[in-house]
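**Q** So that we are looking at the same thing, I have put the structure below in structure tokens.
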């Protein structure tokens, strides 16, 4: 059978990549990478404590988690342009409603709307499109697109500081309105006009030599995957990885708790968080490229970087350089959640019903994302040694579950059909 593919990146392939970048840089970065800046201001304006206000982030994660299988099915059955465009509108609408009503309850409603939108934009769109449009280099492209959540976060935080603190007179409510408009403008043109579910719909072919004998999308059905033990090992290690990434949000609080050090603890902690954000942005691209060549080795490298990063942060308090190094190394592990996990799912279960399978895995990832801030903050109230000790144990658990998944990879691949 002739294997249908193209060896050249066409304008349509490039538009898919640019669309993924813009969804990450716009909607996803605005939602996930700027809320900490608003947290310093909004609770006081509303007259509520920070925990009550930040609960909308937990609601957002849970909305993602429980809608993921449903959104995955919609993306499989219907025009992906409509599904993703509706997702963009939900995100933009969430910001705009906040700017109008200025009440705590609207944040909770916005959390639901944004969660329903972001599950497709942040977790499903890029991996699903890459699996259909690119036979080769899909991991590299996923890493490139996802890197812009970090790049976008750094950029929009600076925009926030300029708008709010530069004497421009803009209130946070006006900034929320700007965020809503930016979310729509940055993403909607691409979801409406640039994206197609498959390259054949755009009159072209997948890029790169097919990795299957038939040249068609091959894999196992979602029904088969859900009955396999390997699915649940991937399911759990993906969730635990996301739980571990949120340890990074404890860095400023951790350094602030240090006594008898020769540096400004809070300033160093904030800088560690900045270094980690920059590192994870770069690492997403590097990890994606590495996963294309050797997924197992990339997985091991991610686990090693997680362990080394934790140890340097835990025991490197004699020098800010050691702490910054630990944060930077941990950034490589941080990238694993959004880059390595979708590649592992594709390598094991194939692309036949990838969207539905990955949607179910992303459900558990988001449940852990919603629970993680409370979990780590609770442990931190007792001891940060407990935080880092538990993190190391969980890294070992991820390694065991991942190793089991790779050990049974060929058994699943033998069941692949077109």
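Each value in this text was obtained by applying a stated rule to the coordinates, not by laboratory testing. Predicted model, so just to flag it, every value in this text is computed and none were measured. Note: ideal-geometry Cβ built from the backbone for every residue, glycine included; neighbour counts use all protein chains shown.
**Q** Under a point spin-label approximation (7 Å from Cα along Cα-to-Cβ), what is the residue 311-residue 209 distance to one decimal in nm?
**A** For the pair residue 311/residue 209, the computed spacing is 4.0 nm.
**Q** Between residue 392 and residue 319, with labels modelled 7 Å along Cα→Cβ, what's the label distance in nm to one decimal, could you check?
**A** Rounded to a tenth, the inter-label distance reads 2.1 nm.
**Q** Could I ask something else about it? Using Cα pairs closer than 8 Å and at least 6 residues apart in sequence, work out the relative contact order for the range 222-408, in percent.
**A** RCO, the range 222-408: 37 percent.
**Q** Using all alpha carbons of the range 4-88, what is the percent of pairwise distances in each 5 Å bin, ordered from the shortest bin to the longest?
**A** Pair shares across the bins are 3, 10, 14, 17, 17, 13, 10, 8, 4, 2, 1, 1, 0.
**Q** Turning to a different aspect of this structure: Sorting 376, 156 on the 10 Å Cβ count, fewest up front, what's the list?
**A** Ascending Cβ contact count within 10 Å gives the list 156, 376.
**Q** A follow-up question, please. Which FRET efficiency, nearest 0.05, do residue 48 and residue 378 yield, Cβ-Cβ r, R0 22 Å?
**A** Using R0 = 22 Å, I get an efficiency of 0.60.
**Q** So, one more: Which number do you get for Rg(Cα) / (2.2 N^0.38 Å) in the chain?
**A** Working it through for the chain, the quotient is 0.96.
**Q** Report the calculated FRET efficiency for residue 261 and residue 155 (r = Cβ-Cβ distance, R0 = 41 Å), to the nearest 0.05.
**A** Taking R0 as 41 Å, the efficiency between residue 261 and residue 155 is 0.85.
**Q** Cα-Cα pairs above 27 Å in the range 222-408: how many percent?
**A** 27 percent
**Q** Binning at 10 Å from 0, report for the range 11-202 what percent of all alpha-carbon pair distances ends up in each bin.
**A** Answer for the range 11-202: a P(r) of 10, 37, 34, 15, 4, 0 percent.
**Q** Just need the relative contact order of the chain here, percent rounded to a whole number, with Cα pairs under 8 Å and 6+ apart.
**A** Averaging sequence separation for qualifying contacts and normalising by length gives 26 percent for the chain.
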